[in-house]
Each structure stands twice: as structure tokens, then as C-alpha cells.
1. At a Cα cut-off below 28 Å, give the lysines reachable from Lys403, other chains included and same-chain residues fewer than 8 away excluded.
2. State the extension gain, in nm to one decimal, for the chain segment bounded by Ala194 and Lys148, taking 0.36 nm per residue of separation less the distance between their alpha-carbons.
3. With every protein chain kept in the model, how would you rank His510, His251, His351 by accessible area, 1.4 Å probe, largest at the top?
4. At most 16 other Cβ atoms within 10 Å and a DSSP loop assignment: could you name the trypsin sites (Lys or Arg not before Pro) in the range 162-268 that fit?
5. Distance between Cα centroids, the range 225-245 to the range 294-350: provide it in whole Å.
6. Which Cα, out of Thr270, Phe322, Cys282, lies furthest along the positive dipole direction of the range 241-322 (beta carbon charges, K/R +1, D/E -1)?
7. When all protein chains stay in place, what accessible area (Å², nearest 10, 1.4 Å probe) is found for Cys196?
8. Can you give the translational diffusion coefficient of the range 367-512 in µm²/s, computed by Stokes-Einstein from the Kirkwood radius over Cα pairs at 20 °C and 1.002 mPa s?
Amino acid sequence: MEVEAARRDASALDPELLQLPELAPGALRENSTIADALYSQWLVLPETAKLVKSLIEDAKGGGALNVAGSSASTNAASSSSLPSMFPAGSAPPLSPRSTAGSPRVMRRGSGAGPSTLGSPLKLVSEPVREVIPQFYFKNGRPPPKDLKEQCLSRLDHLFFAGEGLQIQEFRPVIKDICKLPSFLSGVLFKKIDAACSGTVTRDAFIAYWINENKITLDTPSQIFEILRKPGCSYLTQEDFKPVLKELLATHPGLEFLQGTPEFQERYAETVIYRIFYSINRCGNGHLTLRELKRGNLVAAMQQLDEEEDINKVLRYFSYEHFYVIYCKFWELDTDHDFLIDKENLIRYGNHSLTYRIVDRVFAQVPRKFTSMTEGKMGYEDFVYFILSEEDKSSEPSLEYWFKCIDLDGNGILSTNEMQFFYEEQLHRMECMAQEPVLFEDILCQMIDMIGPENETYFTLRDLKKCKLSGNIFNILFNLNKFMAFETRDPFLIRQERENPTLTEWDRFAHREYIRLSMEEDGEDASNGSGDVWDESLEAPF
């Protein structure tokens, strides 16, 4: 029995542990005689005898046998005796042994679990879990602690003795705390004072502005939240009326209108129409937050709050611009019923428009009228028309006139469609004894000017890519501007280069305001009559 056990242990020996270079790795397994000899030599070693004696004493005493420890001791003993089997200096050093036991012991163990042997090739570090901070907050990002404390500290100076503020005392709050234009104070006050108590307490302001996370929103979002009605995801024209009412009551540049409430109302309407014309691009009357952010209204409101001269705020709020629009409408509205028809509109710009384009406007192709009167254009409709007519470089204007020329509504301007409108222009040139320009020649000029992707037609995308695309529409239906483009005044070209930030509308409104103001003063305004032929004699801009 002892011989059989010895043979089994000898067959389990790993020849690589013995490090015998002159024997093949599988030689010990094939030749059991050599293994028996080596095992017998191991048994007579003094260290082996001590180990066996120790194990027998432990067994008699009833103690647990530490197989792993004994195996490690055995390996240590054999390791110390192995070098004696080789010539001095010829044995390679052994690699360090794991404390968990030798491969021999692990193979003889009954456990079927994974090996506990450490291997640098098999060590896999635990992946580092990167914590992604929360980036979406349904009700807005909560304010940082320092920002909140700073805001509360400033509120203590404005809400003294725990008393609330009335509406006339609320302006410093929106300026210093909210950092918003002061003429929004009334709207914000009423938004917080939902019970109409007449006062806003410190706690009520904190609940709305800080606890509802309004303080961390960007400026367009803050203005949008202040103006919009509860439950609405857009702004309407009605939402801007309280803002314009407070602006008229508080802005120093509009004090002269205090005694004329009718013109105050018209001014407010005109500003609102201009805002929706430029920003509400889909034209449904619902101004979304996305449209508000993409437009320049917020920047114009901030400039307006800092500028005392209202006419220097050219975007939307200039009183001179309102004056020009209103007076041009009043000139065409001969019966002053605040409605104009085709015959009225054909007189616009000293009869510069063709009948065919006026018919398209009154067919409500570019925009549905809001006048609610058949065949009549109201003031809001006229505002959209004049802004489109006098600034054909803007995208809203290009979209307005593109719809007029696109007779079949297929999204392209074909040669036949453009020729249909140019025929009347050609006839008018002949009647005025002007040298006519054939359509074939003018078509080549338009193609060179626009550079469309397909030379057989123009798309709206082609027109928007070219800064001179507005001249296409002047060529087709505005004779005065067409002839002015053909005989370009170098003086006007130099003026445009000196003030590149001014739009075509800005230049037109300035010229017309000078003309109208001169007429108002009773002076001779024949040189500034609006006729395009005398444009070079008008006051420089």
C-alpha cells in the first residue's frame, strides 16, 4: 500500500518544479522507475522525517492537519535540497512560490472552484465607475449655494423690516436681483402677486424666483417664463401688451406721447407686429422659446433699457420707424377707415408696384389678412407688407415675395413664372419711353447674380444664399427700384459701405422720416418726395 501511494505521488510530481534540464517534460510520467527513485530519495531526507513525525503527532492529538502549510513546508524542504542534485553554480534560481500552495497540492484538492494562484497575466483591475452629473432638470437647474446666498443677501436690503413691496417699488428688484429690463417689473410683479393683494413679500419672491429655479435660467428663458400665460408653451401678441404699456409709461424717450393715448396704442401695436414679423417665422402667432432665443429681441430689450434715445434702438422700438409706417399707411388710407384696398396699395411708392404683384398680395398668398374684411388690408397686414417691400434682404421678406412669384406653389421659381411678372414691367418701360430690357437678357443677369444650383429655376435656398437676391424681386415687379439698381448712385454705395450694420429698412425709414418731418414743418420736400429718381438729393444717412 505504501509503495502504491508513493507511486501515485511520484506520478503527480511536476517535472518543471524539479527543473531537470536533461529530461524532457514528459519523461517522468512515462518512466515511473525514475520517479520512484526520486521519491525514495526524498523520503530519507531529515526534513521529510521531521515533517512526517510532526503530522503524526498532530493527528494523535486530534488537531486539524494543515495540508497547505505542510505542502508549503515540503516544498520549502525540497527546494533547499534540490540544488545539491546539480553541480555547483549550474542550477537556475526557482521562482517565488505562492503562499496559497503548490500546483501539486491544488491539483490534488477536491475543490472545483477557480484557482487562487496569482498571475500577472490574469489580473484584471476593476473598471472605474465614472459618475455622470445630472444634466436635465424638469423644473430648471437648482441654484448653487453661493448664488442663492448672494441673492438672499441682496433681498435683505430691498425687503426691509419684512414688509412687502408695492408695484412702484418693485423696479430695483428686477434690475438688481433678476438682471432684467426694468419695464418687465410690472409683469413680474403681477405674476408673483397672483392674489392681487397689491404687495409682493420677500417670501413670495423667493418662492417664485429661487425655489422654482428661475434664477438659474438664461435670460431669454427668464423673459419667456415671465411673459407666458400659465399652461401655455408659447407667447402671443397679447402677452407683450403689458410690457409695451409699462414702456410707454416709464421710458424717457416716449414721454412726449403721454398726452396722445391713441398714438401710444398704435406705437405698441406696431412694435408687437414688427417683433412677430421678424421672430415668429412660422407665422402662426405663437412665439416659442426656440424662436425667442434665435432672434435678437432680448438684446434689443436690454439696449432699450439702457438707452434714453428711443430712436437709437433701431430694432423694433424706434419711434421714427413707427412714425414712417403709420404715416405711409395713413397716406394710402384715403377714407381713413383704417383699411386699404387694391387701388390704395397700387399708389404705394409712387406707383412703383405692378398690378400683378398687388393682386397676389390681396389674394393673401404670402400671408392671410387679419382685417376680417373682404378685399381690405388692415394695419397689421400693411406692416408686414411694408417691412417686406423695403427690406428685401431679410429672410422674412424673401419668403414673403417668393410665395407671391411661385404661382403653382411647388417651391421653385420657374422661367415661365418670372416671365409672367416681368411682362408687365417690360410694358411699363415701353410706356415710359425707357429702353426695354428683354427677358432673355435679364434672366442671364439674374442667373449670374444668384448662381443657383440649377440654372433652369430658382429655389428659396438659392435666394437666401445670395446677398443681392432682393434685386430679383425688384426686377420682376418694382420698376422704380429696378431702374435705381441699373443706375446705381456711387454716393449711396459709399454710404452703405460706411454703415454696413444698417439694413435697407433702416436707410429707408431714415429717409422717409426726414421727408415726413419736413412736410410737417411746412417746408418744401420735393427733393425728398420718395421718388426714386431724386434719391441722391435726399439727406445723407
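1. Lys293, Lys328, Lys342, Lys368, Lys376, Lys392, Lys464, Lys465, Lys467, Lys481
2. Net length gain for the segment: 14.2 nm.
3. Correct descending sequence by accessible area is His351, His510, His251.
4. Answer in residue order: Lys179.
5. Centre-to-centre (Cα) distance: 22 Å.
6. Cys282
7. Probe radius 1.4 Å; accessible area of Cys196 about 110 Å².
8. For these conditions, the coefficient is 129 µm²/s.
The values are calculated or read from the model by the stated rules, or taken from the named source; none is laboratory data. These numbers were taken from a predicted model, which means no experiment stands behind them. Cβ atoms come from the backbone with ideal geometry, glycine included; neighbour counts cover every protein chain shown. For accessibility, only protein heavy atoms count, side chains too; no ligands or nucleic acids. Shrake-Rupley method; radii C 1.70, N 1.55, O 1.52, S 1.80 Å.
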